[in-house]
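The values are calculated or read from the model by the stated rules, or taken from the named source; none is laboratory data. The structure presented is a predicted model; accordingly, all values stated were derived computationally and were not measured. Here the Cβ positions follow ideal geometry from the backbone for every residue, glycine too, while neighbour counts run over all protein chains shown.
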Amino acid sequence: MYSFAIVYFYSKSLEGTHLSQIVLTVDQSVLTKMYTYYKSHFFEPFPAGSIFRAKTTHAVITAYKSGKVLFQGKSPDSEASIWQTTPQKQTKGNSSKISKPGHTDALPINFLDSNHIGSDETGTGDYFGPITVCAAFVTHEQIALLKELGVEDSKNLTDVKIKAITKDLLHVGIPYSLLTLPNDRYNQLQKQGWSQGKMKVMLHHHTHQHLLKKINPDTSKGILVDQFCQPYIYDRHLHSEHESRLPNTYFLTKAESYSTAVAAASLIARTRFVREIDELSESVGIELLKGASAKVDQTIAKVIKKYGKTKLEQIAKVHFANTDKAQKYL
Ligand code: MG
C-alpha cells in the first residue's frame, strides 16, 4: 500500500514564531487523490515543479511531481494526518501545534475498507433545533451496497434525497446509535460553561459506547470520528467528565467523503435533525429555518412576538448572536 517517509522540521517566520512544516512522500495514487481532494482549495500560481498548491484553514499544501508533499502553516499536522497511514515520528523541537504521539494515531492501512464504526453530528451551526449525533457500524461487505444506495457525503445532497437514502440504508439493517441533544438541555449545559465542542465530544463518545453494546466489538477495526477538533482537545473534554477515548478511535477531517460508515452516520443524523426541525416548526406554527442567516433573525422575532423570549430556550441555541440580532425586527 502507501509508503510514507515523514520528516518534520520547523522554520522561523519573520515574526519570530515557529511554524511547523511536515513533508510526506507519497505515491502517484495518493497524489491523484490529493489533487481531487484539494481541487476546490487551489491557490495559484503553483510553484515550479509542483502539481498544485492549495490552502485550507489548517495549512498550505504544496504537492510536487516527485511525490513530496509539503504542509506548512498553523497546524500542518491536521492536514498531513489525513494522508498518513504510518505512525508519526516527531523530531525534537517545540511545537504545541503537533499533538503528542499516541494522540494522532494514523488510520491503520485498509481501515476505510474494513468493518468499522463511523460517527458524525449535525445541527451545530443551526440556530433552531437540536444537535444530533449518530454512530453507524458498516461491514466491509456492506460498503458496495451502501454506495450503490447513494450513501455519500450528505453535504452534496438535498434534505429530501438524504431522507430517501436514509430510509434505504436503514433497510439494509446497519447497527447504529443516534442521540439528540434537545435545545433546553443544550442551553443549560452552555450556561454551565460547556462549549459546543465539549457537547459534541460527549455525544460522539456516548454513541460509540451505545453502539459497541449492539455489535461484537471484535468484528470492528475501530471507530472513525469525522474530525471537528484536535484529538488532544477531544481527550481533554472526555477527561473533564472522567471518561477516556475508546480504544482504536481515530479522527479524519471530511471523513464522510472517505468512510461509508461516517457517511451513513451523517445521513441518519441529518434525517433526524430535519425531522426535529419539522416537528418544532409544527409545534410553534412557524417555519423554523435551518442555518443561522439573517432570515433566521426574522424568524426569531416572529417566535418572540408570538410566545415571548423564553420560548427560544426550548427550540433554539440561544447563545448564538442571532438572538441579539433579532432585536431589530421586534
Ligand atoms: Mg462532521
So which of GLU276, GLU256 ends up being at negative phi and at pLDDT 95 or above? GLU276
On the basis of being more than 14 Å from the chain's Cα centre (by Cα) and over 23 Å from SER114 (Cβ atoms), does HIS210 make the cut? no
For a quick check of your reading of the model, give me the residue pairs whose first member lies in segment 117-144 and is over 21 Å from LYS213 (Cα atoms) and outside any strand (DSSP E or B), whose second is modelled with pLDDT of 95 or more and β-branched (Val, Ile, Thr), with beta-carbon atoms closer than 7 Å and at least 6 apart or on different chains. GLY123/ILE131; GLY123/THR132; THR124/ILE131; TYR127/VAL296; GLY129/ILE277; PRO130/THR180; ILE143/THR260
Just one of the numbered conditions (1) out of contact with any Ser or Thr (no Cβ under 9 Å at 6 or more places or on another chain); (2) touching a residue at least 60 places away in the same chain (Cβ under 8 Å); (3) under 29 Å from LEU146 (Cβ atoms); (4) not hydrophobic (A, V, I, L, M, F, W, C) is not true of LYS221; which one? (1)
Conditions (1) under 22 Å from LEU169 (Cβ atoms); (2) among the small types (Gly, Ala, Ser); (3) away from the ligand (no atom under 16 Å from the Cβ) -> GLY285 fails only (1)
What strands (runs of 3 or more DSSP E) lie completely within segment 1-90 and have 2 or more residues being surrounded by fewer than 20 Cβ atoms within 10 Å (Cβ to Cβ), of a type in the set (Val, Ile, Thr) and at pLDDT 85 or above? 18-25
Out of (1) within 23 Å of LYS198 (Cβ to Cβ); (2) touching a His at 6+ places or on another chain (Cβ under 9 Å), what's the single condition that is false for GLU256? (2)
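Yes/no matrix, rows are residues, columns are (1) within 15 Å of the ligand (Cβ to nearest atom); (2) surrounded by 20 or more Cβ atoms within 10 Å (Cβ to Cβ); (3) on the phi > 0 side of the Ramachandran plot; (4) not acidic (Asp, Glu):
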site: ASN110; (1), (2), (3), (4): no, no, yes, yes
site: SER114; (1), (2), (3), (4): no, no, no, yes
site: GLU121; (1), (2), (3), (4): yes, yes, no, no
site: PHE128; (1), (2), (3), (4): no, yes, no, yes
site: VAL133; (1), (2), (3), (4): yes, yes, no, yes
site: ALA136; (1), (2), (3), (4): yes, yes, no, yes
site: LYS147; (1), (2), (3), (4): no, no, no, yes
site: VAL160; (1), (2), (3), (4): no, no, no, yes
site: LEU169; (1), (2), (3), (4): no, yes, no, yes
More than 16 Å from the ligand (Cβ to nearest atom) and either over 19 Å from GLY129 (Cβ atoms) or in contact with a Gly (Cβ under 9 Å, 6 or more places away or on another chain) (or both): is that true of LYS213 in this structure? yes
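Condition check ((1) part of a helix (DSSP H, G or I); (2) over 22 Å from GLU79 (Cα atoms)) across all residues:
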position: MET199; (1), (2): yes, yes
position: LEU203; (1), (2): yes, yes
position: CYS229; (1), (2): no, no
position: ARG236; (1), (2): yes, no
position: PRO247; (1), (2): no, yes
position: TYR250; (1), (2): no, no
Give the residue, chosen from ASP159, ASP168, ASP126, that is more than 21 Å from the chain's Cα centre (by Cα) and among the acidic types (Asp, Glu). ASP168
With the requirement that a residue be of a type in the set (D, E, K, R) and within 15 Å of the ligand (Cβ to nearest atom), what does segment 222-276 give you? ASP226, LYS254, GLU256, ARG270, ARG272
